[in-house]
Amino acid sequence: HYFELRKVPFYSKDGRHLGLVGFGRDITERKRHEESLEKASRDKTTFISTISHELRTPLNGIVGLSRMLLDSQLTEEQRKHMQTINVSAITLGNIFNDIIDMDKFDRRKLELLPAPLNFEDFVAEIESISALMAEQKGLRFDLERLSDLPKAIEVDATRLRQVIWNLVSNAMKFTKEGGVVMTVSADVEEDFATIIMEVEDTGIGIPEAELDKIFAMYYQVKSGKDNLHAVGTGIGLAVSKQLIN
């Protein structure tokens, strides 16, 4: 059993200290509830960590092998099927990254790990994957380099890729016709670079009343006749905003 005891000074009307007044209460049920919540949180973390390890290995294999096959001689139909496999595996991996990061945000355990990155290769990778995704939906994807870009930067590439992918995939999800344009520019001063990456689409747009809500966890813009085709997890933009902040 758990018992909570509190005591406070006791004074007379003229201010003399007479002693202490104490009171107590049984907090056993509260402690059991707290311990139950802590155990549930630990179990959730263990489960997510285990699933992360078990899923990443086959997912990485699917992504890598499908990329190799896309570089081989395939018929047009085979290439379309392989593109679907490749983009689907990448999408699943990014959704899973969002779920893992959401759990880390809840526990305030997320850490950014900056490391050197070949930025031109990074941009080319984003362009290649986004073009495949757009092609699947019959859309156009254009990446415009508005300035010279630094060859290398120091950044947490996994998190940056996650943010960009969430923005691009969200834009394509709510676009039926036309396409998505991503612009990249950089302002370099000595050893520091300010890099701006913007995503624009020809989709249905976001109602002004919803603009302040779309970055909330699990929030999705109310379905209308023009966006019934798009269903998401409701966490991608929320995780992206928290990563940026």
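The values are calculated or read from the model by the stated rules, or taken from the named source; none is laboratory data. Computed from a predicted structure; not experimentally measured. Here Cβ is always computed from backbone atoms with ideal geometry, including for glycine, and neighbour counts include all displayed protein chains.
For segment 150-180, the set of residues classified as more than 20 Å from the chain's Cα centre (by Cα), without any contact (Cβ under 8 Å) to a residue 40 or more places away in the chain and on the phi < 0 side of the Ramachandran plot consists of Lys151, Ala152, Thr175, Glu177, listed by residue number.
Once segment 127-139 is narrowed to residues that are within 14 Å of Val181 (Cβ to Cβ) and surrounded by fewer than 20 Cβ atoms within 10 Å (Cβ to Cβ), the residue that is farthest from the chain's Cα centre (by Cα) is Ala131. Scanning segment 115-137 for residues that are under 19 Å from Gln78 (Cβ atoms) and without any contact (Cβ under 8 Å) to a residue 24 or more places away in the chain yields Ser128, Ala131. Filtered by the rule that a residue be touching a strand residue (DSSP E or B) at 6+ places or on another chain (Cβ under 8 Å) and at pLDDT below 90, segment 189-202 gives a lone residue, Ala193.
Kindly evaluate Arg25 against the criterion of being in a helix (DSSP H, G or I), at pLDDT 80 or above and either under 30 Å from Val8 (Cα atoms) or small (Gly, Ala, Ser) (or both).
Considered against the rule, which asks whether it is in a helix (DSSP H, G or I), at pLDDT 80 or above and either under 30 Å from Val8 (Cα atoms) or small (Gly, Ala, Ser) (or both), Arg25 comes out as no.
For Val8, indicate whether it is outside the structural domain of Lys173 (by TED's automatic domain parsing), β-branched (Val, Ile, Thr) and not in a helix (DSSP H, G or I). So Val8 passes the test.
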